[in-house]
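*Asks:* Below are the structure tokens for one structure; questions will follow.
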Number of protein chains: 2
Amino acid sequence: MTKIWANSADSHVLEPDDLWTQRLPQRLADRAPRAERGEKFEVLYIDGKQINRQLNDFMDAIRPPGARDLDIRLKDLDQEGVWAQLAFPSMGFWTVEIQDPELAREVVRAWNDWAYEEVLQKNDRIFTPAIVPIADVSDAVAELERAVGMGFQTVFLPCGTRPGEEWGLDKWEPLWAAAEEHNTVLSFHIGTGGENVVYRGPGGAVVNYMETTYPGMRVVSHMVAGGALDRHPDLKILIAEGGAAWVPAIGDRMDEAYRQHGMFVRPKLDRLPSEIVRHQVYASFQHDISGVQIIEGTNYRNVCWGDDYPHLEGTYGHTQETLRTLFDGVDPAIQDRVLRGTFAELFRIPERTAQDEAR
Amino acid sequence: MTKIWANSADSHVLEPDDLWTQRLPQRLADRAPRAERGEKFEVLYIDGKQINRQLNDFMDAIRPPGARDLDIRLKDLDQEGVWAQLAFPSMGFWTVEIQDPELAREVVRAWNDWAYEEVLQKNDRIFTPAIVPIADVSDAVAELERAVGMGFQTVFLPCGTRPGEEWGLDKWEPLWAAAEEHNTVLSFHIGTGGENVVYRGPGGAVVNYMETTYPGMRVVSHMVAGGALDRHPDLKILIAEGGAAWVPAIGDRMDEAYRQHGMFVRPKLDRLPSEIVRHQVYASFQHDISGVQIIEGTNYRNVCWGDDYPHLEGTYGHTQETLRTLFDGVDPAIQDRVLRGTFAELFRIPERTAQDEAR
């Protein structure tokens, strides 16, 4: 069978344990994100805060041989049929918890330097977003601009926000302006910036997985209703790993609120929410057949696929099987859009040669 | 133009202000839900709690002439082309806030008696759900059974729940068993059982409208992942007013969690979440074109339309225009399913005669 080649808009790098201790003075490195494994819990330490995670098992279940080695990883990708990956952080996600501006700035800078040296400089198929220090919006803008200069194409932002830091607030305007100016995609990743285990009763694993989805929808509602995407029509946002088939639904639902409650709506928008969503909101899924099915019916086309490498929710080991199932009987133009076209609309990637195709 | 006739799975009755004072002894009536209008706020008093609502304007914007009169209302329905309505409570929604079992029992009983006498007994096109007193699950079962005896076809339940009362918990099992036994649909309505104004920044009206949607999705996740719908395959739930196009997306997303995190999932289910959703979860929308569009692509067929009469989010005054836009060029079988078939699968409704058609 011919291999189906795909780009993944949702993968992860696993950073070395000594990333921050190698790159920061001790007084800062001591407060950078760090994990310690106990018997039943993994304890995360970040800037004096302590977070207990019961999720060891997920990490133990990581199987791809290349999870921590770029050269082996490229072989994993060839095996699976993945050509390019947007590879989000792992420990780097936790930097969004840091509220001390100096610490945030330095920790994020060290992460970006590491990603530049060890990922961007060493290959062109796997690229990370830059992280920006959201403890201070001016610092975030400065780091975005530094990252653009280093060749980063996108910045990671968390879906969850603390009260008073919602993405629809005017305080973020300089960050949106800078991202639009530099054509930098804002890549929000599900499960970041908040508590992921909110329910411990029956069906908790599935309920909590669903709970990670709503903050992704919330990002869209704030970025649309608050006017950021309307004021910056060239700004694009990606919601990674949360599925894609819900996007048209929330576009329509926001239209209903915007129209029917028009007398209470501030700010007014130049375009209807559903139109903004259709142009500027992108979303990625792994296994969801509905992510493909809705494209033809709703004409929402900003759907990307992701392998979520090297995570347990991902497709490592069954990527080709998953892709064949997803696209069985589907219009080849839609397959091309989901696996390559949408991704190429967001990111520059190296061309595949005939030799590459034969891998 | 020929009138398009539709059934509405999401409408509301407006109860008389003296519903509880007329029917309960003063010591209970004093603690029943009651609204008082101030200059800027409407203040709700419920069992000693006080809730300030800034939503006067919404109520002032209610326009249908029949909002408070059943005979005039039937003329409104004829004008709009709505044949039958599932009419949810208005003030009755607030009974779910009552935590004192005696008060909950009596207040709910009085509401159901009112609905029986003033709605069910007086016409057969508009019918309300029964309310059940969720302060105590045995009382809820007893009231469900009493209501079934009076001819109620469905019970209303809130989407929002207090911690420790989530719908996936085993404590509710007797209620699910009784509902399945009596073929009683569980009708959850968006915007109930929790705070609806959670954000006051830019775009707040639209953001908060979206915020009411997530608890509807959460109901589905708990009823599926907790096993209630799997244990009771004849039990049907309706999520009213939250849109419908997101249902296939969350079915697939729950499948992913269920499969990929299988080692952590309890309880095990006999069917995949997406299959349970497809058979037992129904959802209603008003204006969302995607609610129609997703049916053909995803084969999720449990979509109903609702007019949300007499609310501002609803279609009063433009129902025919809305229906014509929604179904322009759509397969007549899908139109029939959304406007009549899905509803008839859930509820018994009077047949329309040739004379009725001509109205």
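The values are calculated or read from the model by the stated rules, or taken from the named source; none is laboratory data. Owing to the predicted nature of the structure, the values given are computational and were not obtained by experimental measurement. Neighbour counts run over all protein chains shown; Cβ positions are idealised from the backbone, glycine included.
*Asks:* What residue, of B:166, B:181, is within 9 Å of chain A (Cβ to nearest Cβ) and among the acidic types (Asp, Glu)? It would help to see each step written out before you state the result.
*Replies:* Working: B:181 fails: within 9 Å of chain A (Cβ to nearest Cβ).
That would be B:166, the only listed residue that is within 9 Å of chain A (Cβ to nearest Cβ) and among the acidic types (Asp, Glu).
*Asks:* I would also like to ask the following. Being among the β-branched types (Val, Ile, Thr) and either free of Cβ contacts under 8 Å to residues at least 40 places away in the same chain or assigned to a helix (DSSP H, G or I) (or both) is the filter here; which residues of the stretch B:92-110 pass it?
*Replies:* In the first step, residues of the stretch B:92-110 are kept if they are among the β-branched types (Val, Ile, Thr); the result is B:95-96, B:98, B:107-108.
Residues satisfying the conditions are B:95, B:96, B:107, B:108.
*Asks:* Would you point out which residue out of B:301, B:348 is exposed (fewer than 14 other Cβ atoms within 10 Å of the Cβ) and modelled with pLDDT of 95 or more? Give the steps one after another, and end with the answer.
*Replies:* Numbers: B:301 fails: exposed (fewer than 14 other Cβ atoms within 10 Å of the Cβ).
That would be B:348, the only listed residue that is exposed (fewer than 14 other Cβ atoms within 10 Å of the Cβ) and modelled with pLDDT of 95 or more.
*Asks:* Additional query: Please tell me if residue A:282 is surrounded by 23 or more Cβ atoms within 10 Å (Cβ to Cβ), among the aromatic types (Phe, Trp, Tyr), in contact with a strand residue (DSSP E or B) (Cβ under 6 Å, 6 or more places away or on another chain) and farther than 22 Å from residue A:79 by Cβ. If you could, list the steps in order and put the result at the bottom.
*Replies:* Details: surrounded by 23 or more Cβ atoms within 10 Å (Cβ to Cβ): yes; among the aromatic types (Phe, Trp, Tyr): yes; in contact with a strand residue (DSSP E or B) (Cβ under 6 Å, 6 or more places away or on another chain): yes; farther than 22 Å from residue A:79 by Cβ: yes.
Yes; evaluated as a whole, the condition is true for this residue.
*Asks:* List the helices (runs of 4 or more DSSP H) inside the stretch A:111-222, counting only whole elements, that have at least 1 residues being under 30 Å from residue A:72 (Cβ atoms) and out of contact with any Leu (no Cβ under 6 Å at 6 or more places or on another chain).
*Replies:* Details: elements: A:137-150, A:173-181, A:204-211.
Filter on the stretch A:111-222 gives A:137-150, A:204-211.
*Asks:* Among what's in the stretch A:184-199 and is over 10 Å from the mean Cα position of the chain (by Cα) and either at the interface with another protein chain (Cβ under 10 Å from one of its Cβ atoms) or aromatic (Phe, Trp, Tyr) (or both), pick the residue that is surrounded by the fewest Cβ atoms within 10 Å (Cβ to Cβ). If you could, list the steps in order and put the result at the bottom.
*Replies:* Of all residues in the stretch A:184-199, those over 10 Å from the mean Cα position of the chain (by Cα) come to A:184-185, A:193-199.
Narrowing the set further to residues that are either at the interface with another protein chain (Cβ under 10 Å from one of its Cβ atoms) or aromatic (Phe, Trp, Tyr) (or both) leaves A:198-199.
Details: A:198: 13, A:199: 22.
The qualifying residue surrounded by the fewest Cβ atoms within 10 Å (Cβ to Cβ) is A:198.
*Asks:* Also: Considering every residue within the stretch A:235-252, establish whether at least one is outside any helix (DSSP H, G or I), surrounded by fewer than 24 Cβ atoms within 10 Å (Cβ to Cβ) and at pLDDT 95 or above. Steps first, please.
*Replies:* The initial filter retains those residues of the stretch A:235-252 that are outside any helix (DSSP H, G or I), namely A:235-246.
Of the ones still in play, those that are also surrounded by fewer than 24 Cβ atoms within 10 Å (Cβ to Cβ) are A:235-236.
Right, trim to at pLDDT 95 or above and you get A:235-236.
There is at least one residue in the stretch A:235-252 that is outside any helix (DSSP H, G or I), surrounded by fewer than 24 Cβ atoms within 10 Å (Cβ to Cβ) and at pLDDT 95 or above.
*Asks:* Which ones in the stretch B:244-265 are facing chain A (nearest Cβ under 7 Å) and among the basic types (Lys, Arg)?
*Replies:* Of everything in the stretch B:244-265, just one residue is facing chain A (nearest Cβ under 7 Å) and among the basic types (Lys, Arg), namely B:253.
*Asks:* Give the stretch A:17-44 a look and list any residue that's assigned to a loop (DSSP other than H, G, I, E, B) and either out of contact with any Lys or Arg (no Cβ under 9 Å at 6 or more places or on another chain) or in contact (Cβ under 8 Å) with a residue 60 or more places away in the chain (or both), or say none. So that I can check it myself, show each step before the final result.
*Replies:* Kept after step one, since they are assigned to a loop (DSSP other than H, G, I, E, B), are these residues of the stretch A:17-44: A:17-18, A:24-25, A:30-33, A:38-41.
Correct list: A:18, A:24, A:25, A:30, A:31, A:32, A:33, A:38, A:39, A:40.
*Asks:* List the helices (runs of 4 or more DSSP H) that sit entirely inside the stretch A:302-359 and contain at least 2 residues that are of a type in the set (S, T, N, Q) and over 17 Å from residue B:297 (Cβ atoms). Write out each step before concluding.
*Replies:* Details: elements: A:319-327, A:332-336, A:342-346, A:354-357.
By residue number, A:319-327.
*Asks:* So, one more: Among the residues of the stretch A:45-91, what is the count of those that are modelled with pLDDT of 90 or more, not in a strand (DSSP E or B) and not hydrophobic (A, V, I, L, M, F, W, C)?
*Replies:* Of the residues in that region, 16 qualify.
*Asks:* I've got another one for you. State the number of residues belonging to the stretch A:82-111 that are over 16 Å from residue A:12 (Cβ atoms) and buried (at least 24 other Cβ atoms within 10 Å of the Cβ). Before you say what the answer is, go through the steps one by one.
*Replies:* Going residue by residue through the stretch A:82-111, those that are over 16 Å from residue A:12 (Cβ atoms) are A:83, A:97-110.
Right, trim to buried (at least 24 other Cβ atoms within 10 Å of the Cβ) and you get A:98, A:104, A:107-108.
The qualifying residues number 4.
*Asks:* Another question about this same structure. Test residue A:295 against the stated conditions and say whether it is in contact (Cβ under 8 Å) with a residue 60 or more places away in the chain and surrounded by 14 or more Cβ atoms within 10 Å (Cβ to Cβ).
*Replies:* Numbers: in contact (Cβ under 8 Å) with a residue 60 or more places away in the chain: no; surrounded by 14 or more Cβ atoms within 10 Å (Cβ to Cβ): yes.
Spelling it out, it is not the case that residue A:295 is in contact (Cβ under 8 Å) with a residue 60 or more places away in the chain and surrounded by 14 or more Cβ atoms within 10 Å (Cβ to Cβ).
*Asks:* How many residues are facing chain B (nearest Cβ under 9 Å) and farther than 18 Å from residue B:213 by Cβ if we restrict to the stretch A:200-222?
*Replies:* Residues of the stretch A:200-222 facing chain B (nearest Cβ under 9 Å): A:201-211, A:213-214, A:217-218, A:220-222.
With farther than 18 Å from residue B:213 by Cβ added as a condition, the list becomes A:201-206, A:208.
Total satisfying the criteria: 7.
*Asks:* Of all the residues that make up the stretch B:1-35, how many are modelled with pLDDT under 90 and more than 25 Å from the chain's Cα centre (by Cα)? Explain how you work it out, then say what you get.
*Replies:* First, the residues of the stretch B:1-35 that are modelled with pLDDT under 90: B:1, B:35.
Imposing the further condition that a residue be more than 25 Å from the chain's Cα centre (by Cα) reduces the set to B:1.
Residues flagged as modelled with pLDDT under 90 and more than 25 Å from the chain's Cα centre (by Cα) within the stretch B:1-35 amount to 1.
*Asks:* Could you tell me which residue of the stretch B:223-234 is surrounded by the fewest Cβ atoms within 10 Å (Cβ to Cβ), considering only residues that are more than 8 Å from every other protein chain (Cβ to nearest Cβ) and assigned to a helix (DSSP H, G or I)?
*Replies:* Looking only at the stretch B:223-234, we keep the residues that are more than 8 Å from every other protein chain (Cβ to nearest Cβ), and these are B:223, B:228-234.
Filter again for assigned to a helix (DSSP H, G or I), leaving B:223, B:228-231.
Numbers: B:223: 28, B:228: 28, B:229: 27, B:230: 22, B:231: 15.
Filtering the stretch B:223-234 for residues that are more than 8 Å from every other protein chain (Cβ to nearest Cβ) and assigned to a helix (DSSP H, G or I), the one surrounded by the fewest Cβ atoms within 10 Å (Cβ to Cβ) comes out as B:231.
*Asks:* Would you mind stating whether residue A:357 is away from chain B (no Cβ under 14 Å) and either among the aromatic types (Phe, Trp, Tyr) or within 22 Å of residue A:127 (Cα to Cα) (or both)?
*Replies:* Yes: the conditions hold for residue A:357.
*Asks:* Which count do you get for residues in the stretch B:266-287 that are facing chain A (nearest Cβ under 7 Å) and under 20 Å from residue B:338 (Cα atoms)?
*Replies:* Within the stretch B:266-287, residues that are facing chain A (nearest Cβ under 7 Å) and under 20 Å from residue B:338 (Cα atoms) number 2.
*Asks:* Still on this model: Please tell me if residue A:311 is at pLDDT below 95 and either surrounded by 19 or more Cβ atoms within 10 Å (Cβ to Cβ) or not acidic (Asp, Glu) (or both). Break it down stepwise before answering.
*Replies:* Details: at pLDDT below 95: yes; either surrounded by 19 or more Cβ atoms within 10 Å (Cβ to Cβ) or not acidic (Asp, Glu) (or both): yes.
Yes: the conditions hold for residue A:311.
*Asks:* How many residues are surrounded by 13 or more Cβ atoms within 10 Å (Cβ to Cβ) and either of a type in the set (Asp, Glu) or touching a strand residue (DSSP E or B) at 6+ places or on another chain (Cβ under 8 Å) (or both) if we restrict to the stretch B:15-42?
*Replies:* 10
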